[in-house]
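Enquirer: Pasting in a structure now, in structure tokens, and then I'll have a few things to ask.
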Amino acid sequence: MRLRAYVNNVSLLSGLAQTSASVASPCYLHFTPTTLRLISPAGQYGVQIWATLDVEAVFSNYRIESHHDNEIIVEVSADSLARVLRSASGALEVMLRLGKREKDPLLSWSIAMTSQSLSLIHISEPTRLRRI
């Protein structure tokens, strides 16, 4: 299973993640070869979020491979996702990658910021894979 992409539209993803964090946590990211779906189940007020985005609207150099028709569903904390994307605001480059630490899957974010010298921030978020 492989997933790697550069995020071109951080503000769009950040807005969706912040909205999702205000509704419920966790949220689900469903990656397919052509779309990204963000799904937040009903929270305490019965509101849920279903958003579908074209991959080209959000990512560049997007690569996905899996044994399940090249679809990957991950469960993440909506608060953590919003926090990571807030940190990436104004970044030169943001890369998302699905990896492993031992046997546990991780969504890994590499964020290149501008400053006196170029700094690279690496954030790894524990991730639960969902089988489809």
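Enquirer: Does the range 56-103 hold any residues that are within 19 Å of residue 28 (Cα to Cα), of a type in the set (Ser, Thr, Tyr) and in contact (Cβ under 8 Å) with a residue 60 or more places away in the chain, and which are they?
Expert: Correct list: 66 only.
Enquirer: Go through (1) modelled with pLDDT of 85 or more; (2) open to solvent by 30 Å² or more (accessible area, probe 1.4 Å); (3) farther than 19 Å from residue 40 by Cα and name the single condition residue 95 misses.
Expert: (2)
Enquirer: Could I ask something else about it? So for the range 47-66 (the condition being of a type in the set (Ser, Thr, Tyr), under 15 Å from the mean Cα position of the chain (by Cα), open to solvent by 70 Å² or more (accessible area, probe 1.4 Å) and at pLDDT 90 or above), does at least one residue qualify? Break it down stepwise before answering.
Expert: Going residue by residue through the range 47-66, those that are of a type in the set (Ser, Thr, Tyr) are 52, 60, 62, 66.
Now drop any that are not under 15 Å from the mean Cα position of the chain (by Cα), which leaves 52, 60, 62.
Narrowing the set further to residues that are open to solvent by 70 Å² or more (accessible area, probe 1.4 Å) leaves 52.
Retained after the next criterion (residues that are at pLDDT 90 or above): 52.
Scanning the range 47-66 turns up at least one residue that is of a type in the set (Ser, Thr, Tyr), under 15 Å from the mean Cα position of the chain (by Cα), open to solvent by 70 Å² or more (accessible area, probe 1.4 Å) and at pLDDT 90 or above.
Enquirer: Residues being part of a helix (DSSP H, G or I) and either of a type in the set (S, T, N, Q) or at pLDDT 95 or above (or both): count how many of those fall in the range 1-21.
Expert: Going through the range 1-21 one residue at a time, the tally reaches 5.
Enquirer: Residue check, residue 52 against (1) polar (S, T, N, Q); (2) in contact with a Ser or Thr (Cβ under 8 Å, 6 or more places away or on another chain); (3) in contact (Cβ under 8 Å) with a residue 24 or more places away in the chain, all met but one. Which one?
Expert: (3)
Enquirer: For the range 24-38, name all the residues that are open to solvent by 30 Å² or more (accessible area, probe 1.4 Å) and within 19 Å of residue 75 (Cα to Cα). Give the steps one after another, and end with the answer.
Expert: Applying the first criterion (open to solvent by 30 Å² or more (accessible area, probe 1.4 Å)) to the range 24-38 yields 25-26, 28, 33-34, 37.
Result: 25, 26, 28, 33, 37.
The values are calculated or read from the model by the stated rules, or taken from the named source; none is laboratory data. Just so it is clear, the structure is predicted and the values come from calculations on it, not from any experiment. Here the Cβ is made from the backbone with ideal geometry for all residues, glycine too, and neighbour counts use every protein chain on show. These accessible areas exclude ligands, DNA and RNA; they are computed on the full protein's heavy atoms, side chains included. Shrake-Rupley method; radii C 1.70, N 1.55, O 1.52, S 1.80 Å.
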